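Input: a single structure, listed below in structure tokens.
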Amino acid sequence: MKNNKIPLSVAIITKNEEERLPDCLKGVSFAEDIVVVDSGSTDRTVEIAKEFGCRVFMEEWKGYGPQKNSAVAKCKHDWVLVIDADERIPEETKNEIVKIINSPDMADVYSFPRKNIFHGRWIKHSGWWPDRVIRLFKRQKGRFESLVHEKWMTRGAIMDLNVYIEHYSFDNYSEMVKKLDEYSTINATELFNKGFKVNTLSPILHGVSMFIKSYILEKGFLEGFDGLIIALSKAGGSFFKYAKLLELQRNK
């Protein structure tokens with residue numbers, strides 16, 4: 001190890017993350033190699049990344065999956081940790097990662113539960129916990145797929161870890177609405193390109209079922225008003241995904 005750093009690459013994609021990026025980078029400072037792929041930030045994101053010693057690349061936005069694949073391809077080490085600027089690696093999780101890299105015979109791919117923090121609270125219901133995600137892997141063992149809600153598709157052996165990643169995805173309800181609109185557009189376009197067909201009932205049925213799942217089955221009602229907003233946001237995202245798909249079909 002050099003300067004107590006381990007032979008691990010960290011891959012991060014960014015755009016206008018000057019407020020959240022510093023804390024993210026502090027949490028992965030134990031890695032020898034940090035790659036940041038930026039898609040046109042107009043704030044100090046790139047400057048901050050360079051100040052932290054990251055290798056920074058500027059690329060046009062290609063979608064979440066392709067953008068992360070590009071970042072992973074630029075990594076120097078076989079082991080890669082992919083993290084978003086709004087995520088944090090706690091000390092206990094760092095120690096587990098160090099142990100894995102130093103004795104990497106247990107698996108090729110590792111998943112983490114993700115602790116989602118909203119309005120300063122850990123949201124334990126609404127489908128926001130454990131919210132398990134694959135983030136540590138041997139890079140030749142797979143790739144990210146999908147333009148949004150990207151997932152690492154792998155041929156390797158997967159092990160589920162109990163140490164968590166902290167996630168600060170939204171500061172307020174306005175950000176949730178913006179993401180709802182952005183993701184529903186991307187999802188609708190992706191489904192349209194794959195030839196999926198819907199009818200006028202599809203948006204309503206999907207929206208209602210998503211609300212029931214988040215608020216009732218996943219006990220979002222236990223999270224108070226935030227749980228209601230999360231359920232409505234999920235329902236709205238599902239509704240507009242299929243409404244926009246229907247719109248694309250009609251325009252065609």
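The values are calculated or read from the model by the stated rules, or taken from the named source; none is laboratory data. This is a predicted model, so every value here is computed, not measured. No Cβ is skipped: glycine too gets one built from the backbone with ideal geometry, and neighbour counts run over all protein chains shown. Heavy atoms of the whole protein, side chains included, go into the accessibility calculation; ligands, DNA and RNA do not. Shrake-Rupley method; radii C 1.70, N 1.55, O 1.52, S 1.80 Å.
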* Structure fact -> Residue span residue 194 to residue 222: 0.36 nm per residue of separation minus Cα-Cα distance leaves a gain in nm of 6.3 nm
* Note down the net charge around residue 142, summing +1 for each Lys or Arg and -1 for each Asp or Glu among other residues with Cβ under 15 Å from its Cβ. => +4
* Asked: For segment 238-243, in order, what is each residue's ³J(HN,Hα) by Karplus, 6.51 cos²θ - 1.76 cosθ + 1.60 with θ = phi - 60°, in whole Hz (x at glycine and Pro)?
  -> 5, 4, 6, 4, 7, 5
* Structure fact -> residue 179 and residue 95 label points (each 7 Å along its Cα→Cβ direction) are spaced in nm at 3.0
* If you count, for each residue, the other Cβ atoms within 10 Å and average over each peptide, how do 11-24, 232-245 line up from highest to lowest? -> 232-245, 11-24
* How large is ³J(HN,Hα), in whole Hz, for each residue of segment 116-123 in order, when computed from phi with the Karplus curve 6.51 cos²θ - 1.76 cosθ + 1.60 and θ = phi - 60°, using x for Gly and Pro? -> 7, 10, 9, 6, x, 10, 7, 8
* To do: Give, in nm to one decimal, the length gained when the segment between residue 105 and residue 50 is fully stretched (0.36 nm per residue of separation minus the Cα-Cα distance).
  => 16.5 nm
* Quick one: accessible area per residue over the chain, 1.4 Å probe, rounded to a whole number of Å²? -> 51
* Asked: Taking all protein chains as present, what is the carbon and sulfur share of the accessible area of the chain, in % to the nearest whole number, probe 1.4 Å?
  -> 53
* Asked: Given the Cα-Cα distance of residue 26 and residue 5 and 0.36 nm per residue of separation, how much length would full extension add, in nm?
  -> 6.3 nm
* Asked: Rounded to the nearest 0.05, what FRET efficiency is calculated for residue 163 and residue 204 with R0 set to 35 Å and r the Cβ-Cβ distance?
  -> 0.30
* Determine the sum of side-chain charges near residue 66: Lys and Arg each +1, Asp and Glu each -1, restricted to other residues whose C-beta is under 10 angstrom from that of residue 66. => 0
* Asked: In whole Å, what is the distance between the alpha-carbon centres of segment 66-140 and segment 19-33?
  -> 13
* Asked: Using alpha carbons only, how many degrees (0 to 90, rounded to 10) separate the axis of helix 64-73 from the longest principal axis of the chain?
  -> 10
* Asked: Cross-link list 194/252; 74/241; 115/197; 115/194; 179/244; 124/197: which exceed 26 angstrom alpha carbon to alpha carbon?
  -> 74/241; 115/197; 115/194; 124/197
* Hz values of 3J(HN,Hα) by residue in segment 186-198 - Karplus curve (6.51, -1.76, 1.60), Gly and Pro given as x -> 5, 5, 5, 5, 5, 5, 4, 5, 8, x, 5, 10, 9
* Asked: How would you rank 57-66, 191-200, highest first, on the average number of other Cβ atoms within 10 Å across their residues?
  -> 57-66, 191-200
* Asked: For labels at residue 74 and residue 154 in the simple 7 Å Cα→Cβ model, what's the distance in nm?
  -> 2.3
